[in-house]
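Some notes on the structure that comes next.
The values are calculated or read from the model by the stated rules, or taken from the named source; none is laboratory data. Bear in mind that the values here come from a model prediction, so they are computed numbers and not experimental data. With ideal geometry, Cβ positions are generated from the backbone for all residues, glycine too; neighbour counts draw on all protein chains shown.
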Amino acid sequence: MKYEVVLTTDRTMMSNHHRKEFLGFVATGPPIALPEWLWLYITAPKPKVDKEGKPLEAPYGMRKVEAKLIEAGFKAAIIDPDHLEKHIDSMRVLMFGHHDYFAYGPPSSEWWSLTGLEPVNRRSFKRLMEKPVIRKAKEKGVKFIAGGPAAWQWLWELELWRKWGVDTIVDGEAERVIVGLVEKALNNEDLPEYVYVGPSDSPSIDEIPVIKAPSVNGLVEIMRGCPRGCKFCSVTLRPLRFIPLDKILAEVEVNLRHGIKGVILHSEDVLLYHADGVKPRPEPLIKLHKAVLEKIGSEGDIGWAHASLAAVKYAEEEHKLISKLMNDYILNERRKFLGVEVGIETGSVELAKKIMIAKSAPYPPEMWPEVVEDAFRIMHENNIIPAATLILGLPEETPEDVVKTAELLDRLKPYRSIIVPMFFVPMGALKKGNWFLKDHIKREHIEVLYKTLKHTTYWAGEIMNKYYLRSPVYAPLRYILRYFIWYVNRRADKFIKSLEYQIKS
Ligand code: SF4
């Protein structure tokens, strides 16, 4: 088929990350300890493609845009970046999507700031845009439209925006605006340079299409938006919408039909699916898990994209729901754990009150450290492995706040988890705040960095061997990652000492 609208992205996004979603995050770092090609092998192996260069699996957000365009009658398809040449003659619009085009998002910007080296995702996207086929497309008059969660980053790279000839940036949920923009592009009408899709233009449930082809690692969306209102987060500006179960199952079917047996339930808080405000309800969650697990069978893996720590604690303490979901539905001979991202952000009650007053709800913000610790214990006991984030350098943060975070890290030591500290990136209601960079680091931050590094390298070994990369097919990957952990651990003390020296001088 000849495609007039082609969607693509760079290799760090166009990959199934060895079917281990978390390995995708490795691309947020610079290539230290290993050559870049090996780094890319770990994080972003090439996907299977058909003879037209369409990948078997593609990033979920791009699949949604592709589906919207197909439903509107366009000849549109996602094409792997190595196969764009096949469509150069028919292509009239080329679209790009990314989570982190220029590595300004967390944690890429942090690794970059700390090491002074460009992260792999940024290098990879720049390489894509400099490819002869992309240059040729521009010379031919193909219109370029870029979007996705990292659309805002183009505002920090005006020179590259102009140099590469990107016509339009779409910042926000694209479903309601993308068809009109592509029509304009195909009719050679003038395109707006920047389209900001605010909450009032968010698509309704009926406007959100079902994907037409598989998503990376079987990711399917179960809801959009989040009611907690954290000031540093842009998701919170969007209205809350629950995707009906039949649409969720239709997307699982699409993935299964193409041999993708696993599913990652995507939401900013999976446990709030049809919740009573911020209080998880057993009935919709059990119904959702039962239906999805029946579809994928005992062989399929399941993961949650995100969950809030307050919901974990509430669900277990009020309804024994975490242990019920894990023991009665999720865990089996093959599925030994469930991975999820969670946000700690700070251990300080005072700071939590200022920037994320509802993060602990239905518990009061004064209980935040206790909420975090209880949720970690509950997850540890139920074979849920969290990848948690902390934010350093939030506006209004004081040294005492950072000390509280360090104290909380001590309390979290016994619980199996990965904890990643991130430097504050101005977003959401705090988008006018200042970036937190290496020069702003104080002694208290160094302590937190050190504690997270030790915590994570300690637990990463066990997680890798016992849960995450158990199969013999992952042996080479396991050895490389083990070497990497050893290397990071060996360099950690030296690195921390050099940071201390830098803040003294
Ligand atoms: S809980 Fe998470 S998704 Fe919700 S507003 Fe806070 S940071 Fe954003």
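General remarks:
- Only residues that are out of contact with any Ser or Thr (no Cβ under 9 Å at 6 or more places or on another chain) and touching a residue at least 40 places away in the same chain (Cβ under 8 Å) were counted in the stretch 83-98, giving 8.
- Positions within the stretch 210-223 being within 16 Å of the ligand (Cβ to nearest atom) and not in a loop (DSSP other than H, G, I, E, B), in sequence order: Glu221, Met223
- Restricting Val420, Val402 to those that are within 24 Å of the chain's Cα centre (by Cα) and in the same structural domain as Ile384 (by TED's automatic domain parsing) reduces the list to Val420.
- Within the stretch 224-234, considering residues that are on the phi < 0 side of the Ramachandran plot and within 15 Å of the chain's Cα centre (by Cα), the one nearest to the ligand (Cβ to nearest atom): Cys233
- Residue match in the stretch 339-349 (condition: charged (D, E, K, R), away from the ligand (no atom under 13 Å from the Cβ) and in contact (Cβ under 8 Å) with a residue 12 or more places away in the chain): no
- Condition met for Asp269 (closer than 19 Å to Lys324 by Cβ, within 16 Å of the ligand (Cβ to nearest atom) and among the charged types (D, E, K, R)): yes
- The lone criterion from (1) modelled with pLDDT under 95; (2) more than 16 Å from the ligand (Cβ to nearest atom); (3) aliphatic (A, V, I, L, M) left unmet by Ile355 is number (2).
- Helices (runs of 4 or more DSSP H) wholly inside the stretch 397-505 containing at least 3 residues that are in contact with a strand residue (DSSP E or B) (Cβ under 9 Å, 6 or more places away or on another chain) and touching a residue at least 40 places away in the same chain (Cβ under 8 Å): 399-412, 443-462
- Given (1) over 30 Å from Leu499 (Cβ atoms); (2) of a type in the set (D, E, K, R); (3) touching a residue at least 12 places away in the same chain (Cβ under 8 Å); (4) part of a helix (DSSP H, G or I), index of the condition Arg135 fails: (3)
- Search result, residues across the stretch 101-118 that are out of contact with any strand residue (DSSP E or B) (no Cβ under 7 Å at 6 or more places or on another chain) and closer than 18 Å to Trp152 by Cα: Tyr101, Phe102, Ala103, Tyr104, Gly105, Ser108
- Subset of the stretch 274-292 [within 26 Å of Arg334 (Cα to Cα) and within 23 Å of the chain's Cα centre (by Cα)]: Leu285, Leu288, His289, Val292
- Residue within the stretch 190-209 that is free of Cβ contacts under 8 Å to residues at least 24 places away in the same chain, touching a helix residue (DSSP H, G or I) at 6+ places or on another chain (Cβ under 8 Å) and not in a strand (DSSP E or B) present: yes
- Some residue of the stretch 182-194 being surrounded by fewer than 18 Cβ atoms within 10 Å (Cβ to Cβ), more than 18 Å from Leu69 (Cβ to Cβ) and within 16 Å of the ligand (Cβ to nearest atom): no
Residues are listed down the side, and each one gets a yes or a no for (1) over 30 Å from Ile260 (Cα atoms); (2) out of contact with any strand residue (DSSP E or B) (no Cβ under 7 Å at 6 or more places or on another chain):
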position: Gly300; (1), (2): no, no
position: Tyr314; (1), (2): yes, no
position: Lys320; (1), (2): yes, yes
position: Arg334; (1), (2): no, yes
position: Lys353; (1), (2): yes, yes
position: Ser360; (1), (2): yes, yes
position: Pro369; (1), (2): yes, yes
position: Glu373; (1), (2): yes, yes
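- Residue in the stretch 366-388 that is in contact with a Gly (Cβ under 9 Å, 6 or more places away or on another chain) and either surrounded by fewer than 21 Cβ atoms within 10 Å (Cβ to Cβ) or at positive phi (or both) present: yes
- Residue match in the stretch 244-263 (condition: in contact with a strand residue (DSSP E or B) (Cβ under 8 Å, 6 or more places away or on another chain) and over 16 Å from Pro214 (Cβ atoms)): no
- Within the stretch 353-374, tally of residues that are part of a helix (DSSP H, G or I) and under 23 Å from the mean Cα position of the chain (by Cα): 2
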